[in-house]
Amino acid sequence: MSDTPRRAVYPGSFDPFHLGHENIARRASRLFDELIIGVGYNPEKALSKPEERVSAIQAVVKTLPNVRVIAFRGLAVDFVREQKARFMVRGIRALADMEYEFTMSLTNAMMAPEIETVFLMAGKEYTNLSSTLIRQIAKYRGDLSSFLPEPIIDTVRQSLARPET
Ligand code: ADP
């Protein structure tokens, strides 16, 4: 057995980072020595800027000493390699996520066979949460308190208050 810390990356767009994501991050932080939440740049899902997402997520996980939050661009597998991690964490909601996540993990395994993808089932209270739906609710100024951790609600409100460019 090696003494190398078991480092994992949990990549995603996290736009916004909702309670389902937080649940996965908390559980993954107990499975690995170090967890890096990788905040990807995805122009199709742009509610808030990556750097705003990073600081809001940092506020959410500040009580978890082995978790760091870092923005990245490009392929998740490249980011995982750059961070010298051996594991990629992904969350699975229901059957609907299976096909996409399975295909992606097999493709990632072809590109980076040394990285193992670890799937965690969504917590039962959070299986319905999706960033896409939450963005729609946010745009119509719906109540976000059942879906998002407090620091994220503030960031989403600030993004919506900004005039579109
Ligand atoms: P991506 O753009 O990479 O799909 P997302 O931000 O939508 O990123 O999601 C990041 C990860 O979190 C994905 O593995 C996704 O399946 C998972 N996830 C999304 N919603 C939930 C949820 N409600 N519960 C648990 N995991 C989730």
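The lone criterion from (1) away from the ligand (no atom under 15 Å from the Cβ); (2) under 12 Å from the mean Cα position of the chain (by Cα); (3) not hydrophobic (A, V, I, L, M, F, W, C) left unmet by GLU51 is number (2).
Pick out the one residue from ALA8, ALA85, ALA94 that is open to solvent by 40 Å² or more (accessible area, probe 1.4 Å) and among the small types (Gly, Ala, Ser).
On the way: ALA8 fails: open to solvent by 40 Å² or more (accessible area, probe 1.4 Å); ALA85 fails: open to solvent by 40 Å² or more (accessible area, probe 1.4 Å).
That would be ALA94, the only listed residue that is open to solvent by 40 Å² or more (accessible area, probe 1.4 Å) and among the small types (Gly, Ala, Ser).
Per the conditions (1) within 22 Å of ARG53 (Cα to Cα); (2) acidic (Asp, Glu); (3) assigned to a helix (DSSP H, G or I); (4) free of Cβ contacts under 8 Å to residues at least 12 places away in the same chain, the sole criterion not satisfied by GLU99 is (1).
Given the structure, is ARG90 at pLDDT 95 or above and either within 20 Å of HIS18 (Cβ to Cβ) or not in a helix (DSSP H, G or I) (or both)? It would help to see each step written out before you state the result.
Numbers: at pLDDT 95 or above: yes; either within 20 Å of HIS18 (Cβ to Cβ) or not in a helix (DSSP H, G or I) (or both): yes.
So ARG90 fits the description; yes.
Can you confirm whether ILE70 is open to solvent by less than 50 Å² (accessible area, probe 1.4 Å), free of Cβ contacts under 8 Å to residues at least 40 places away in the same chain and within 14 Å of the chain's Cα centre (by Cα)? So ILE70 passes the test. Scanning segment 94-152 for residues that are over 20 Å from ILE57 (Cα atoms) and in contact with a strand residue (DSSP E or B) (Cβ under 6 Å, 6 or more places away or on another chain) returns GLU101, SER105, ILE115, GLU116, THR117, VAL118, PHE119, MET121. For ASP3, the criteria (1) more than 9 Å from the ligand (Cβ to nearest atom); (2) without any contact (Cβ under 8 Å) to a residue 40 or more places away in the chain; (3) open to solvent by less than 20 Å² (accessible area, probe 1.4 Å) hold in every case but one, which is (3). Of all residue pairs spaced 6 or more apart or on separate chains, none has beta-carbon atoms under 7 Å together with a first member in segment 111-139 that is without any contact (Cβ under 8 Å) to a residue 12 or more places away in the chain and a second member that is within 14 Å of the ligand (Cβ to nearest atom). Of the candidates ARG73, ARG30, ARG93, ARG68, the single residue that is within 19 Å of PHE147 (Cα to Cα) and out of contact with any helix residue (DSSP H, G or I) (no Cβ under 7 Å at 6 or more places or on another chain) is ARG93. Being farther than 27 Å from ILE134 by Cβ, in a helix (DSSP H, G or I) and either open to solvent by less than 70 Å² (accessible area, probe 1.4 Å) or more than 10 Å from the ligand (Cβ to nearest atom) (or both) is a description that does not apply to ARG30. When restricted to residues that are outside any helix (DSSP H, G or I), open to solvent by 30 Å² or more (accessible area, probe 1.4 Å) and among the hydrophobic types (A, V, I, L, M, F, W, C), segment 107-165 contains 4. The set of residues in segment 13-24 that are on the phi < 0 side of the Ramachandran plot and within 6 Å of the ligand (Cβ to nearest atom) comprises SER13, GLY20, HIS21, ILE24.
The values are calculated or read from the model by the stated rules, or taken from the named source; none is laboratory data. All of these numbers come straight from a predicted model, not from anything done at the bench. Cβ: placed from backbone, ideal geometry, glycine included. Neighbour counts: every protein chain shown. Accessible surface is based on the protein model in full, side chains and every heavy atom, while ligands, DNA and RNA are left aside. Shrake-Rupley method; radii C 1.70, N 1.55, O 1.52, S 1.80 Å.
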